[in-house]
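Read the figures in this text as sums done on the coordinates, not as results from a lab. Here the structure is a predicted model, which means the values were calculated and not measured. Virtual Cβ from ideal backbone geometry, glycine too; neighbours counted across all protein chains shown.
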């Protein structure tokens, strides 16, 4: 009788473990895709031309070198009208293969910035200069979800 209880208990536990492992293997209807680093910028009134000149100059040169070195996939600049005085009107987007690649290449990206833009002091001074013409409203890191067709 005691052996029978042990066998039934073992069977129940085995079925539960098997059920949990099958449940854990449920296929998700998506997989992780590329990663975008998105910065939301507000150009100060009357400073649009000055900020766009910066973007077309050293910002673009830095992005192009990052792309040439394979550290980013692409980049985009999107402008819009702000709906409130505190709203952003420029979105800077940088595309990475994935989060792991972005993080693994941080030192290489810093080296590119040092080569293209200048040393740390030059970069800090440029940042202070840009405070006069724009305000960073925030930034986000987003991951694309590539949807797979669900099978019935």
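Entry note, the stretch 30-147: relative contact order of 51 percent, from Cα contacts under 8 Å with a spacing of 6+ residues.
Let me know the shape class of the stretch 25-67, please: from the alpha-carbon gyration tensor, a ≥ b ≥ c as square roots of the eigenvalues, rounded when a/c is under 1.5, otherwise prolate if a/b is greater than b/c, or oblate. Cα axes put the stretch 25-67 in the oblate bin.
Can you give the FRET efficiency to the nearest 0.05 for residue 40 and residue 116, using r as the Cβ-Cβ distance and R₀ = 25 Å? Working from the Cβ atoms, E equals 0.60.
Please say if the stretch 98-145 is rounded, prolate or oblate, where rounded means a/c under 1.5 for a ≥ b ≥ c the square roots of the C-alpha gyration tensor eigenvalues, and otherwise the choice is prolate for a/b larger than b/c and oblate otherwise?
Working: a/c = 4.03, a/b = 1.31, b/c = 3.09.
In terms of gyration-tensor shape, oblate.
Spin-label pair residue 68-residue 3: with each label point 7 Å from Cα along the Cα-Cβ axis, the two points sit 7.9 nm from one another. Within the stretch 30-147, all pairs of alpha-carbon atoms sorted by distance into 5 Å bins from zero give the percentages 2, 11, 18, 22, 21, 15, 8, 3, 1. Spatial offset of the stretch 118-137 relative to the stretch 85-101 amounts to 18 Å, using the alpha carbon center of each.
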